[in-house]
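Remarks on the structure that follows.
The values are calculated or read from the model by the stated rules, or taken from the named source; none is laboratory data. Nothing here was measured: the structure is a model prediction, and the numbers come from that model. Positions of Cβ are backbone-derived with ideal geometry, glycine not excepted, and every protein chain shown enters the neighbour counts. What goes into the accessible areas is simple: the full protein's heavy atoms, side chains included, and nothing from ligands, DNA or RNA. Shrake-Rupley method; radii C 1.70, N 1.55, O 1.52, S 1.80 Å.
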Amino acid sequence: MITRRSFTWGTAIAGFGLTAGAASAQDFPARPVTLIVAVQAGTSADASLRALAAATEKHLGRPIIIENRAGASTTLGPAQMAATASADGYTLAQIGQTVFRFPFLRKTTYDPAKDFTYIIAVTGYTTGVVVKSNAPWKTFRELLADANANPGKIAYGTGGANTTTHVVMELIAKQQGIKWVHIPFKGGDATNALLGGHIHAEADPAGWAPQVNAGQLRLLVTWGASRTKTWPTVPTLQETGIDLVSSSPYGIAGPKGMDPKIVKLLHDAFRKGMEDPFFIKTIAQFDQEPFYLNSADYHDFAMKQIAAEKRLVDELRLRDE
């Protein structure tokens, strides 16, 4: 979720109608469930969802198999699920913020308002901007001042073009009247590029946490509504005078047309998984907090986010030609 007073981001939707061929809730689950994770293995979201799957399968009664399908700024996996998976509850996917943004950027094979059955909202990212520990900028304001004095000279990396981190950095640039260069990477590759001196800064979720805690990277600012528990001395964007808050929540959905009884079975199992100490401990490593919404609330929340993403794409003129 990203808030700018009158502006909020989050995550999205689906109908719960039963279609022909949908599985019987009475027998569900009769085999393992596959959860498509839309990011690379080893990232914060991957670790969090693996922990959730391990905690949830105890309550579901069947294994939950993680399948990483990264690509297209986290939209590849959900798009493939929507296009090919049966609405029987055995194939689910992580849904991130870009799923709602991309239909307004280019032609997609899915409609986020129609092609998913949203089951449960899980958590959101702790995101921030990091630089090398020997970089000249001790604060985010110093980095902004350098970017202002040297247009087009500061290069920052993110996990991909038109991801939420990219969009927020461009909102900051527009608000502050600066110009910097965006370099998109896959997964956690931006951190390696930063450590190697190929970029000046990285704006991403807290996959950089180990390097910050080890003293290799310096965290300049975080994007939440309040300071983090792990890095309480690091200010938020709002404290630096930038009126933005971003947590970019993600959750779990299935294809459209799932049986409401199967949706409830899955929701209830994942809800218990979210209460498991193993899951809570795992997300705490990345300074993430649970962001629980039940299926109905997740649907309502998502519909608002789809509209907000359209406004954002129009405002920043992000649409591909």
Quiz item: Helix 164-176 sits at what angle to the longest principal axis of the chain, using alpha carbons and giving 0 to 90 degrees rounded to 10?
Solution: 40
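For Asp27, Asp88, what's the largest-to-smallest order of accessible area, 1.4 Å probe?
On the way: Asp27 100, Asp88 25 Å².
Descending order: Asp27, Asp88.
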Self-check item: Positive minus negative residues near Asp88 (Lys, Arg vs Asp, Glu; Cβ under 11 Å)
Solution: -1
Quiz item: Over the chain, what is the relative contact order in whole percent, taking alpha-carbon pairs under 8 Å and six or more residues apart?
Solution: 33
Practice problem: Counting other Cβ atoms within 10 Å, keep those with at most 11, restrict to DSSP loop, and tell me which chymotrypsin sites (Phe, Trp or Tyr not before Pro) in region 69-175 are left. | Solution: none
Exercise. Please give the FRET efficiency for Arg311 paired with Thr109, using the beta carbon to beta carbon distance and R0 = 22 Å, rounded to the nearest 0.05.
Key: 0.40
Quiz item: How do His299, His166 stack up against each other in accessible area, from largest to smallest, with a 1.4 angstrom probe?
Solution: His299, His166
Quiz item: How long are the three semi-axes of the equivalent ellipsoid for region 71-163, computed from the Cα gyration tensor as the root of 5 times each eigenvalue, in whole Å, largest first?
Solution: 37, 15, 10
Self-check item: Of every Cα-Cα pair in region 147-197, the percent that sits beyond 18 Å
Solution: 31
Exercise. Could you check the simple spin-label distance between Glu275 and Ser226, using points 7 Å along Cα→Cβ, in nm with one decimal?
Key: 2.4
Quiz item: Between rounded, prolate and oblate, where does region 135-244 land on the alpha carbon gyration tensor, with a ≥ b ≥ c its root eigenvalues, rounded for a/c under 1.5, else prolate if a/b exceeds b/c?
Solution: rounded
Quiz prompt | Shape box of region 167-321 [Cα atoms, principal axes, largest first, Å] | solution = 51, 42, 29
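How much length would be gained if the chain were fully extended between Ser86 and Asp297, taking 0.36 nm per residue of separation minus their Cα-Cα distance, in nm to one decimal? It would help to have the intermediate numbers written out before the result.
Details: separation 211, 0.36 × 211 = 75.96 nm, distance 2.39 nm.
Stretched out fully, the Ser86 to Asp297 stretch lengthens by 73.6 nm.
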Self-check item: Loop-located trypsin sites (Lys or Arg not before Pro) in region 149-204, at most 16 other Cβ atoms within 10 Å (DSSP)
Solution: Lys153, Lys179, Lys186
Quiz item: Using alpha-carbon pairs under 8 Å, 6+ residues apart, how would you state the relative contact order of region 190-321 in percent?
Solution: 15
Quiz item: Ignoring any ligand, DNA or RNA, what whole percent of the accessible area of region 242-297 comes from carbon and sulfur when the probe is 1.4 angstrom?
Solution: 61
Exercise. Grab the eigenvalues of the alpha-carbon gyration tensor for region 185-241, scale each by 5, take roots, and send me the semi-axes largest first in whole angstrom.
Key: 21, 12, 10
Self-check item: Rounded Å value of the spacing that divides the Cα centres of region 62-79 and region 270-321
Solution: 16
Exercise. Would you mind working out the accessible area per residue for region 218-321, using a 1.4 Å probe, and quoting it in Å²?
Key: 47
Quiz item: Per-residue ellipticity at 222 nm for the chain, helices alone: DSSP H runs ≥ 4 residues times -39500 (n - 2.57), over residue total, nearest 500 deg cm²/dmol?
Solution: -10500 deg cm²/dmol
Practice problem: Treating cross-link reach as a plain straight distance, find the lysines whose alpha-carbon is under 23 Å from the alpha-carbon of Lys107, omitting any fewer than eight places away in the same chain. | Solution: Lys186, Lys256, Lys304, Lys310
Quiz item: So how exposed is Ser247, as accessible area in Å² (1.4 Å probe, rounded to 10)?
Solution: 40
Quiz prompt | Which labelled figure in (1) 56, 47, 40; (2) 50, 43, 38; (3) 64, 42, 32 is Cα extents along the principal axes in Å, once derived from the coordinates | solution = (3)
Quiz item: Given charges of +1 on the Cβ of Lys and Arg and -1 on the Cβ of Asp and Glu, with all other atoms neutral, how large is the dipole of the chain about its Cα centre, in debye to the nearest 20?
Solution: 280
